[in-house]
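Trainee: Dumping the structure here so I can ask a few things about it.
What follows is calculated from the coordinates using simple rules that are stated; it is not laboratory data. As the structure is a prediction and not an experimental result, all values here were calculated from the model. Virtual Cβ from ideal backbone geometry, glycine too; neighbours counted across all protein chains shown.
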Amino acid sequence: MCSMRRWGWLLIIGSLLGLGGCRRDLPIGQVVSWEKASAESRGLDGSLLEALKDDLAAKETHAFLVVRNNKIVYEWYARGHGSWRLESAASLSKSLVGGLALLVAVSDGSVGLEDSAARYLPYWADDSLKSRITLRQLANHSSGVEHGGGARLRILRRSYTLGNPDLFAKTLREAAVSFEPGTAYQYSGIGYGALSYALASGLRDAPQTDILTLLRARIMGPIGVPNSAWSIGYGAPLQIDGMRVYAAWSGGMYTARAIARVGQFMLQKGRWEGRQLVDSVWVERMIGYGGAPLPDPQLEPAAHPAPSVCWWTNSLGAWEKLPRDAFAGLGDGGQLLLVVPSLDLVVVRIGEASGVRGMPELWKEMDNWIFSRVAETVGTPTVTSRRRR
């Protein structure tokens, strides 16, 4: 009886603390420290930012954060959210997880962008189309591998939540390829599943042998993001072929400040507090347009950006109000990281986007909701934005 009472009290206490199995509260992450400044002191119109926040608050926004000259100039959270809260990054993980890991691995020489994916996924070697896919094509959505929207992506996600590596491998083996690799554009979550495996394989002999330890040691730790402020791979890796494979297409959880810190790191071309953490040449190649096939203009909204390597770039001017060097990552709930190097500006928006159908339409809405509005807040670039780095 005493034992039963003890378990009863533990369950009650656990439920009050949000530890019970019925609750899905997000874990609390340690706040990423960051110096603040007024918007006006950094050449931005604070009243316009406030008006933009009000409009975003009415559009299911949970967090809105603006950084200029490496200072937070605007930060707002909806009720129940805050700088401490881990939020789902959804497909923004393609940039935050896949993009950063690929950047480090390529900069170190662990993998090459033009490497055949079959070099890392041997069961693709005998397929007439998959054997010709490169890592670059997986990263810029020109591989031809099906997106897997709906059922197949859910199966890929379930392979993590169930800890089932066979399910993961089966999904990659059976994924269809709809055109000659490198000849067209087709957004592909399954392609990033293949990239996840390829990165793990390429890191076998590296000092950090999986994506999580690589990012902790080489990027997130050095730029001041504590382990408690981010999580990847749906919380745990898959153990496959003697490797720890973390999802690079989704499954990331980050605080808004952690996301912004990644944006600042990319804006500074891999340099942080006097240290070059990765080769700046590779940063530029990752975020610039490299001639990848473009989305079909007859099918995609005009605001759809050009694909780069794990990011999206304004190099061709899809976002008319922003400079051409702007680039971004985007999740299917409108989880946005926008970086504009020439303006020394980083913007984060976290939330939902109910009623918006698919990523192409979401880019159009981000242009309407945020890009054009942010551009209006910017006055003359401050002197520090040209000197500091």
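Trainee: Where Rh is the Kirkwood radius over the Cα pairs of the chain, the temperature 10 °C and the viscosity 1.306 mPa s, what D in µm²/s does Stokes-Einstein return?
Mentor: After rounding, the answer is 74 µm²/s.
Trainee: Something else about it: Sort out for me the Cα centre separation of segment 316-364 from segment 73-114, rounded to whole Å.
Mentor: 14
Trainee: Can you give the FRET efficiency for S228 and A51, using 1/(1 + (r/R0)^6), R0 = 30 Å, r = Cβ-Cβ distance, to the nearest 0.05?
Mentor: Once the sixth-power term is evaluated, E becomes 0.35.
Trainee: Search the structure for amide H atoms under 5 Å from the amide H of G163, placed 1.01 Å from N in the peptide plane, and list their residues when 5 or more places away or on another chain.
Mentor: none
Trainee: Multiply the residue separation of R79 and T183 by 0.36 nm, subtract the distance between their alpha-carbon atoms, and state the gained length in nm to one decimal.
Mentor: Between R79 and T183, full extension yields an extra 32.8 nm.
Trainee: Which ³J(HN,Hα) values in Hz, rounded to whole numbers, follow from the phi angles of segment 273-282 under the Karplus curve 6.51 cos²θ - 1.76 cosθ + 1.60, where θ = phi - 60° and Gly and Pro get x?
Mentor: Karplus values, whole Hz, x for Gly and Pro: 6, x, 10, 8, 6, 9, 5, 4, 4, 6.
Trainee: Which far-off residues, 5 or more places away or on another chain, put their amide H under 5 Å from the one on Y74, with H placed in the peptide plane?
Mentor: So Y74 has HN proximity to V66.
Trainee: While we're here: Calculate the length of the line joining the C-alpha centroid of segment 27-70 to that of segment 119-157, in whole Å.
Mentor: 38
Trainee: Using θ = phi - 60° and the Karplus relation 6.51 cos²θ - 1.76 cosθ + 1.60, list the HN-Hα couplings for segment 117-134 in order, rounded to whole Hz, with x at every Gly or Pro.
Mentor: After applying 6.51 cos²θ - 1.76 cosθ + 1.60, I find 4, 5, 5, 9, 10, x, 6, 8, 5, 8, 8, 4, 9, 4, 5, 9, 7, 9 Hz.
Trainee: At 222 nm, what value in deg cm²/dmol follows for the chain if DSSP H runs of at least 4 each add -39500 (n - 2.57) and the sum is divided by all its residues, to the nearest 500?
Mentor: -9000 deg cm²/dmol
Trainee: Could I ask something else about it? Using a ≥ b ≥ c from the Cα gyration tensor of segment 16-169 (square roots of the eigenvalues), is it rounded, prolate or oblate, where a/c under 1.5 gives rounded and otherwise the larger of a/b and b/c decides, a/b for prolate?
Mentor: It comes out prolate by the Cα gyration axes.
Trainee: Ranked from highest to lowest mean number of other Cβ atoms within 10 Å per residue, what is the order of the peptides 308-318, 121-131, 206-216?
Mentor: Ranked by mean Cβ neighbours within 10 Å, highest first: 308-318, 206-216, 121-131.
Trainee: Sticking with this one: In what sequence do V73, V281 fall when counting other Cβ within 10 Å, fewest first?
Mentor: V281, V73
Trainee: Something else: When a/c reaches 1.5 or more, the comparison of a/b and b/c decides; with that in mind, is segment 294-354 rounded, prolate or oblate per its Cα gyration tensor?
Mentor: Verdict is oblate for segment 294-354.
Trainee: For the chain, with a Gaussian network of springs between Cα atoms less than 10 Å apart, report the residue from G112, G148, G379 with the top mean-square fluctuation.
Mentor: So, out of G112, G148, G379, the one fluctuating most is G379.
Trainee: What is the ratio of the Cα radius of gyration of segment 86-254 to 2.2 N^0.38 Å, where N is its residue count, to two decimals?
Mentor: Working it through for segment 86-254, the quotient is 0.95.
Trainee: Assuming R0 = 22 Å, can you tell me the calculated FRET efficiency for the pair L316 and N368, based on Cβ-Cβ distance, to the nearest 0.05?
Mentor: Efficiency computed from Cβ-Cβ geometry: 0.75.
Trainee: Put a dot 7 Å past each Cα toward the Cβ at R204 and D296; how far apart are the dots in nm?
Mentor: Placing both labels 7 Å along Cα→Cβ, they lie 4.0 nm apart.
Trainee: Next question, about the same structure. Please list, in order along segment 86-95, the HN-Hα scalar couplings obtained from phi with the Karplus expression 6.51 cos²θ - 1.76 cosθ + 1.60 (θ = phi - 60°), rounded to whole Hz, x for Gly and Pro.
Mentor: These are the phi-based 3J(HN,Hα) values: 6, 10, 5, 8, 6, 6, 4, 4, 4, 8 Hz.
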